[in-house]
Amino acid sequence: MDQEKLKRFLNNQTTPLENREIRDWLDKKGSEEQFLRKLREDWDFQRAAEVSSSRREKILDQIHKATLKPSGVNHTFYFIGKFGRMAASFLLLLFSGYFLLELGFREIEPEPVTEVAPYPIRKSTGAGEKMRLLLPDKSELILNSLSSITFYSDYGTSNREITLEGEAFFSVESNQKKPFIVRSGDVITTALGTAFNVYARKEAVRVALTAGKVEVARDAQLLSLLPGEMASEKKDRQYELIKEKFDPEQTTLWKEGKIRFQSKPFSEIIHTLESWYGVEFQVKAFEDRKVTGLFNNESLDDILTGLSFSLGFEYQIDEKRVQIKF
């Protein structure tokens, strides 16, 4: 059979008469071996210098399997329908001598994966709001009003670091390999598995431990805390860290929406209410008396009503401003 005619047949360029002639030839005994021999001769001539004998054998064997009928049928070629056209184009390229050198055996370089840089995630609360969050590592936190936390999208995989502004209570899932770190200004709190409260506002930073163990650091200072101990940043003492005791119930009541004043000066109460409700107080004829009281999930208006009876002042709430007159 003429080789040029076979090439045209494989590329669907032969006439109906030539097609019939070639199909009749392919049905004859020994035509398959003759055809493969021609393929081999053409391949050896074009690529012998470039491909090892073992790889040539593998490629030719793949061609043989790809172009024969399924088992159970005499070994004649199968060029019917869509598969036949695909096989024809496949073999034509072999005759042209530039396609099969690496077919099925070339080690394809994987496309480089574009890594997405970790991005910051920020959660915040408004006045009178609280937020409970379950972090990817199953640690939990409760965010107090007018507070925010920031962590990166790779939290829990490469690190467990959080930046806090305001106040939050943390229940930390244990992980010896990845310590839990809270950054609050220049104060850094490190824990492995524990529960603690961090207060970080402009006037002070306090870390109070309720369970487990934490380390609190600022510059070269380092304090280790046990339950019931608190590290406070004293701004009037050149930001020195001081370890002291604290009342756990008093410190963490805010989680339940409760405010307790225990012999607290009125000036401190005002500051607490400003932080809690996001308002600004204007006080005339100020009296800094001490107050004791417990308020449970009450509005600012209800709290001021109770305080005004005990302290004897009048008040007016104008959106975000509160005026008090004794």
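Please order L135, L209, L294 by the number of other Cβ within 10 Å, starting at the fewest. Write down the numbers at each step before the final one.
Numbers: L135 19, L209 24, L294 11.
Ordered by Cβ neighbours within 10 Å, fewest first: L294, L135, L209.
For F180, list long-range residues whose amide hydrogen, built 1.01 Å from N in the peptide plane, is under 5 Å from its own amide hydrogen.
A191, L192
Cα-based count: Lys pairs in segment 120-251 below 21 Å, eight or more positions apart or different chains?
Lysine pairs satisfying the spacing and distance rule in segment 120-251 number 18.
Using θ = phi - 60° and the Karplus curve 6.51 cos²θ - 1.76 cosθ + 1.60, what whole-Hz ³J(HN,Hα) does each residue of segment 147-163 get, with Gly and Pro shown as x?
Along segment 147-163, the couplings run 9, 8, 10, 9, 9, 9, 4, 8, 4, x, 9, 9, 7, 9, 10, 9, 10 Hz.
Return a single number: how many Lys pairs in segment 257-325, at a sequence separation of 8 or more or on separate chains, have alpha-carbon atoms below 22 angstrom apart.
Details: K258/K290; K258/K320; K264/K284; K264/K290; K264/K325; K284/K320; K284/K325; K290/K325.
Qualifying lysine pairs in segment 257-325: 8.
Computed over the Cα atoms, what is the radius of gyration of segment 120-251 divided by 2.2 N^0.38 Å, N being its residue count? Intermediate results must be reported in sequence, preceding the final value.
Numbers: Rg = 13.8 Å, N = 132, 2.2 N^0.38 = 14.1 Å.
Dividing the Cα radius of gyration by 2.2 N^0.38 Å gives 0.98.
Can you give me the relative contact order of segment 257-325 as a percent, contacts being Cα pairs under 8 Å and 6 or more apart? Could you put the intermediate results ahead of the total?
Numbers: 86 pairs, mean separation 27.5, N = 69.
Dividing the mean separation by the residue count of segment 257-325 yields 40 percent.
Which shape class applies to segment 236-300: rounded if a/c is under 1.5, otherwise prolate when a/b exceeds b/c and oblate if not, where a ≥ b ≥ c are the square roots of the Cα gyration tensor eigenvalues? Spell out each step's value before the answer.
Values: a/c = 1.69, a/b = 1.14, b/c = 1.48.
Here segment 236-300 falls in the oblate category.
Where the centre of each part is set by its Cα atoms, how far does segment 130-164 sit from segment 225-282, in angstrom?
Comparing the Cα centres of segment 130-164 and segment 225-282, I get a distance of 22 Å.
Throughout, read-outs are computed from the coordinates displayed, never taken from laboratory work. What you see is a predicted model; the values in this text were computed from it and never measured. Neighbour counts run over all protein chains shown; Cβ positions are idealised from the backbone, glycine included.
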